[in-house]
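Q: Structure below; questions to follow.
Coordinate-derived values only; no laboratory data. If you're wondering where the values come from, they're calculated on a predicted model, not measured in any experiment. Heads up, the Cβs are rebuilt from the backbone with ideal geometry, glycines too, and the neighbour counts pull from every protein chain shown.
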């Protein structure tokens, strides 16, 4: 019995060790190395084959030059701030779009809910890259959107949407909208309708009942959806690279350029380590929120 319990507890930790801690340790090791014209393009400062002697030399020569460089070059901290801004704004827009959809799904007749759920998750049946490329065809100057707007007479000349931050926001909201809808819908679906009826019997209008009853009870789903959108958006690379222009500055894009174009693996690894440390904050907050929600349901 003890062995079975140990196995069940240890299995997720082994999974975490293999897929997170070990890769993170490798990236951290590279971030403390020196750049070199070699393959791979860095000189490791820590060689495990040398045993304790190699570890002693590593600790003696340990420096955080690559991390210091991130604070000295304006590009990196501007990229972090820009990524935070885009992630926060995109999360708020996704919430504004996703909450009414989730609310409508929760209030729809029971026979319609599976169909509506399928429509929400239907985009996942298509490759993420293909979906982003399709927006390039929609938002271009000769794209579908401009053609429809010009045909309807709303505009007289094509709008420049592609290669702007607006296109990035559209791509992020479209891509991560299901991650906002599903947790909110799961919360609203369990909402007891009798609470709204009781609020109206006590003199609340439908609007005030929504703000005083529905919205507070939907808060766990809202928090979960915001975290599920914000965390991957902060390190997003594909959407700003394909839909954003040269003025779109996000840390995922900078990280890719350091790895591929500049081949500066130590600095790129330092960028990744700092990004992960930033992401740990919302991840821990999300975990605590999930734990409090589970305790409240018991």
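Q: Expressed as a fraction of 2.2 N^0.38 Å, the rule-of-thumb size for a compact globular protein of N residues, what is the C-alpha radius of gyration of the stretch 97-232? Walk me through the numbers on the way to the answer.
A: Details: Rg = 18.9 Å, N = 136, 2.2 N^0.38 = 14.2 Å.
So the stretch 97-232 has a normalised radius of gyration of 1.33.
Q: Could you tell me how many degrees, from 0 to 90 and to the nearest 10, lie between the Cα long axis of helix 74-107 and the main elongation axis, the longest principal axis, of the Cα atoms of the chain?
A: Between the helix axis and the principal axis of the chain, the angle is about 30 degrees.
Q: Test of understanding: what is the full-extension gain from residue 26 to residue 201, defined as 0.36 nm times their sequence separation minus their Cα-Cα distance?
A: Details: separation 175, 0.36 × 175 = 63.00 nm, distance 6.16 nm.
Computed gain between residue 26 and residue 201 is 56.8 nm.
Q: Relative contact order, percent, of the stretch 193-268 when contacts are C-alpha pairs under 8 Å separated by at least 6 residues? All intermediate terms of the calculation are to be shown ahead of the outcome.
A: Numbers: 39 pairs, mean separation 12.9, N = 76.
17 percent.
Q: Expressed as a whole number of Å, what is the distance separating the alpha-carbon centroids of the stretch 67-121 and the stretch 153-201?
A: Here the answer is 9 Å between Cα centres.
Q: Is it possible to state the helix-based mean residue ellipticity at 222 nm for the chain, with each DSSP H run of 4+ residues giving -39500 (n - 2.57), the sum divided by total residues, to the nearest 500 deg cm²/dmol? What is it?
A: Values: 15 runs with 209 residues, N = 298.
It lands at -22500 deg cm²/dmol.
Q: Using r as the Cβ-Cβ distance of residue 64 and residue 210, and R0 as 35 Å, what FRET efficiency do you calculate, to the nearest 0.05? Please report the intermediate quantities before stating the final value.
A: On the way: r = 51 Å, r/R0 = 1.46.
In this case the efficiency is close to 0.10.
Q: Next up: Over the Cα atoms of the stretch 95-160, each weighted equally, I'd like the Debye log10 I(q)/I(0) at q = 0.14, 0.18, 0.20, 0.26 Å⁻¹, rounded to two decimals.
A: -0.68, -0.86, -0.89, -0.97
Q: Provide the FRET efficiency to the nearest 0.05 for the residue 277-residue 36 pair, computing r from the beta carbons and using R0 = 30 Å. Can you show the working numbers first?
A: Working: r = 26 Å, r/R0 = 0.86.
Between residue 277 and residue 36 the formula returns 0.70.
Q: Could you tell me how many degrees, from 0 to 90 and to the nearest 10, lie between the Cα long axis of helix 165-189 and the main elongation axis, the longest principal axis, of the Cα atoms of the chain?
A: It works out to around 60 degrees.
Q: Given R₀ = 25 Å, FRET efficiency for residue 11-residue 294 by Cβ-Cβ distance, to 0.05?
A: Values: r = 20 Å, r/R0 = 0.82.
Calculated transfer efficiency: 0.75.
Q: With a 10 Å Cβ neighbour count serving as the proxy for reagent exposure, in which order, fewest first, do 162, 17 appear?
A: Numbers: 162 22, 17 12.
Exposure proxy ranking, most exposed first: 17, 162.
Q: Follow-up. In degrees between 0 and 90, to the nearest 10, how far off the longest principal axis of the chain does helix 251-260 point, with axes built from Cα atoms?
A: 40
Q: Continuing with the same structure: What are the semi-axes of the equivalent ellipsoid of the chain, taken as the square roots of 5 times the eigenvalues of the Cα gyration tensor, listed largest first and rounded to whole Å?
A: On the way: eigenvalues 346, 185, 56 Å².
Over the Cα atoms of the chain, the semi-axes work out to 42, 30, 17 Å.
Q: Multiplying the sequence separation of residue 192 and residue 19 by 0.36 nm and subtracting their Cα-Cα distance, what value in nm do you get? Please list the in-between numbers first.
A: Working: separation 173, 0.36 × 173 = 62.28 nm, distance 4.05 nm.
Gain on stretching residue 192 to residue 19: 58.2 nm.
Q: If contacts are Cα pairs under 8 angstrom and at least 6 residues apart, what is the relative contact order of the chain in percent? Working shown, then result.
A: On the way: 310 pairs, mean separation 76.5, N = 298.
Relative CO of the chain lands at 26 percent.
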